[in-house]
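To start, the structure itself, in structure tokens.
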Amino acid sequence: MSILRQFSRLSICPTVKFQLNRNISTTSALTFKITEQLWAEPMKKKKKIDPAIVKAREERRRKKIEKQIRRLEKNARQLKPIDELEVPLHLMDSLKKYKRPPVQLSVEEIEARELLQKEWARYKRDEYMNNIAQVDRIMAAQRRALDRLYEESEDLYNEAIMPDLQLLPYTISGPVATPPIKDYESPDGEYIDVSKKWDN
Amino acid sequence: MLVKTLMRMNITYYHRLLIRSISSKPAWDILTGICIERLPVVTPPLTEMQKKYKEFLLTVEFEKSMKSNHEIQHENDKKQAELFKAESQDVDIDAVNKVTAQDFEDAANEEYSKFKFGNLETDADKKGDKTSTERCLQRHLVLVTQRKLGNDSKTLLPQGHWQEGETLRQTAERIVKEQIGSELQIKFISNAPCGFYKYKYPSEMNGKVGAKIFFYYANYKSGNPTKSKVNWLTRKELDEMLPQKYSNAVKEFLIEETY
């Protein structure tokens, strides 16, 4: 019905209208019906698969994954070798050749060495105590200066105890073992690059 | 409890105020002194004990060490030479003709003896020139200037008056620029003064009883003073040249040298 109407609108002589004009009735003049559009195919029948085959398929998939996992675990235990960390075999073989004959120390020598170490410990302790005392002295001097500054002016004191933001970064070098030589040109050495290439 | 602590805080605050009001009655000049120190360039000489222990450590290390390739080669060379002398048939001709370990060692020693290390005693040391930083490389040096106080001149650290509106650190930086020159590169270590010294004027000057000097510490980096003659003094020389009490106040915040 609706389609016919739409077509009649397009046609030059509207046929439907004429019919409607001629018949007097409460129902629609055209009594045939158009079925609704379905736009779909009838459903296909489900294929039935043998449950044994399904089971076998599942099994195969599981085995495949398990195999992969096993392979990964095996590799996890074996670390990637690092050349630098492995002692070269030729060095292991010639280890005996490189050993020094063991030193036989006399009793007096051992005694002297032990005494020297004890004396060294005492020496270092004195040095340490001296250092601590010096740090204490210097800190006390600063504390005293700050106290006197506080008595003089609180504003100046507050400025003085602010952190010094220009101090960092702080670099210092030296002292060195021998004095630097002025205008010294270091001789050109041979530079052999032995680092490995890891391009491919 | 809270009231108690509050009261205590109040009391300390007023106590401080009181101290300040009392102490500020006699007016003092505020001065800033700058202690510019050149740190040692070369490590100090080893003491007897350090030398002994170093020797000991070296021998122990040698005893525990493996032979070097050079030593192995030296031993091989000796063996080959003996075989060569005995005219044995095992002589490896190639091994005999090449450069032996001993030759290499001699060449290396010769090169080493030719190399001249920098001299610890610099030109300034030889001339007794105290104005250069290139002296006494193993010691701490402190910069001092000559100042006229009244009629006589004294050796003092660079110092100057604090001006209204400055922090003491700014005063210190200004004084270094004004009195010594801006080419001298130094590094101040802190915003806080590291030392203190006060002295009374012989008679009141501009209504001020005396001067309070707050010392600032800085490290020498590079450059030379341009505006005034300065001396770089070691600890011992400081002790001799500075006025006694002043020297004591300065020594209070300096690292003591043990050699």
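Among the candidates B:VAL142, B:VAL99, the residue that is in contact (Cβ under 8 Å) with a residue 12 or more places away in the chain and either more than 14 Å from every other protein chain (Cβ to nearest Cβ) or under 30 Å from A:GLU185 (Cβ atoms) (or both) is uniquely B:VAL142.
Within the stretch B:190-206, the set of residues being more than 7 Å from chain A (Cβ to nearest Cβ) and in contact with a strand residue (DSSP E or B) (Cβ under 7 Å, 6 or more places away or on another chain) comprises B:TYR197, B:LYS198, B:TYR199, B:LYS200, B:TYR201.
Would you be able to say whether some residue in the stretch A:177-186 is over 30 Å from B:ALA218 (Cα atoms) and more than 10 Å from chain B (Cβ to nearest Cβ)? Spell out the reasoning first.
Going through the stretch A:177-186, the residues over 30 Å from B:ALA218 (Cα atoms) turn out to be A:185-186.
Okay, now just the ones that are also more than 10 Å from chain B (Cβ to nearest Cβ), so A:185-186.
Checked against the condition, which is being over 30 Å from B:ALA218 (Cα atoms) and more than 10 Å from chain B (Cβ to nearest Cβ), the stretch A:177-186 yields at least one hit.
Can you list the helices (runs of 4 or more DSSP H) found entirely within the stretch B:92-206 that contain at least 3 residues being open to solvent by less than 20 Å² (accessible area, probe 1.4 Å) and at pLDDT 85 or above?
Ranges flagged: B:168-175.
Among the conditions (1) in contact with a Ser or Thr (Cβ under 6 Å, 6 or more places away or on another chain); (2) within 24 Å of A:PRO179 (Cα to Cα); (3) within 13 Å of chain A (Cβ to nearest Cβ); (4) touching a residue at least 12 places away in the same chain (Cβ under 8 Å), B:LEU168 misses just one, which is (2). With respect to being touching a residue at least 40 places away in the same chain (Cβ under 8 Å), among the charged types (D, E, K, R) and closer than 18 Å to B:TRP28 by Cα, B:LYS198 fits the description.
Consider B:GLU257 carefully, then state whether it is under 30 Å from B:THR47 (Cβ atoms) and either touching a His at 6+ places or on another chain (Cβ under 6 Å) or in a loop (DSSP other than H, G, I, E, B) (or both).
Values: under 30 Å from B:THR47 (Cβ atoms): yes; either touching a His at 6+ places or on another chain (Cβ under 6 Å) or in a loop (DSSP other than H, G, I, E, B) (or both): yes.
Considered against the rule, which asks whether it is under 30 Å from B:THR47 (Cβ atoms) and either touching a His at 6+ places or on another chain (Cβ under 6 Å) or in a loop (DSSP other than H, G, I, E, B) (or both), B:GLU257 comes out as yes.
Which one is farthest from B:LEU57 (Cα to Cα), of the residues in the stretch A:96-116 that are at the interface with chain B (Cβ under 8 Å from one of its Cβ atoms) and exposed (fewer than 12 other Cβ atoms within 10 Å of the Cβ)? I'd like the intermediate steps shown before the answer.
Of the stretch A:96-116, the ones at the interface with chain B (Cβ under 8 Å from one of its Cβ atoms) are A:97-100, A:103, A:113, A:116.
Of the ones still in play, those that are also exposed (fewer than 12 other Cβ atoms within 10 Å of the Cβ) are A:97, A:99, A:103.
Details: A:LYS97: 25, A:LYS99: 19, A:VAL103: 15 Å.
Applying the filter and picking the extreme gives A:LYS97.
Selection over the stretch A:125-182 of residues that are open to solvent by less than 60 Å² (accessible area, probe 1.4 Å), at negative phi and small (Gly, Ala, Ser) gives a count of 6. Evaluated against (1) more than 44 Å from the chain's Cα centre (by Cα); (2) over 26 Å from B:ARG38 (Cβ atoms); (3) not assigned by TED's automatic domain parsing to the domain that holds A:ARG143, A:LEU156 falls short on exactly one condition, (3).
Exactly one residue out of A:ASP155, A:ASP136, A:ASP164 is of a type in the set (Asp, Glu) and assigned to a loop (DSSP other than H, G, I, E, B): that is A:ASP164. Among the residues of the stretch B:219-238, are any within 14 Å of another protein chain (Cβ to nearest Cβ), in contact with a Gly (Cβ under 8 Å, 6 or more places away or on another chain) and assigned to a helix (DSSP H, G or I)? Within the stretch B:219-238 (the criterion being within 14 Å of another protein chain (Cβ to nearest Cβ), in contact with a Gly (Cβ under 8 Å, 6 or more places away or on another chain) and assigned to a helix (DSSP H, G or I)), the answer is no, since none of the residues qualifies.
Please verify whether A:PRO81 is under 26 Å from B:GLU63 (Cα atoms), open to solvent by 70 Å² or more (accessible area, probe 1.4 Å) and not in a helix (DSSP H, G or I), treating the condition exactly as stated.
On the way: under 26 Å from B:GLU63 (Cα atoms): no; open to solvent by 70 Å² or more (accessible area, probe 1.4 Å): yes; not in a helix (DSSP H, G or I): yes.
Spelling it out, it is not the case that A:PRO81 is under 26 Å from B:GLU63 (Cα atoms), open to solvent by 70 Å² or more (accessible area, probe 1.4 Å) and not in a helix (DSSP H, G or I).
The values are calculated or read from the model by the stated rules, or taken from the named source; none is laboratory data. Quick caveat: nothing in here was measured; it's all calculated off a predicted structure. Cβ: placed from backbone, ideal geometry, glycine included. Neighbour counts: every protein chain shown. Ligands, DNA and RNA are excluded from the accessible area calculation, which covers all protein heavy atoms including side chains. Shrake-Rupley method; radii C 1.70, N 1.55, O 1.52, S 1.80 Å.
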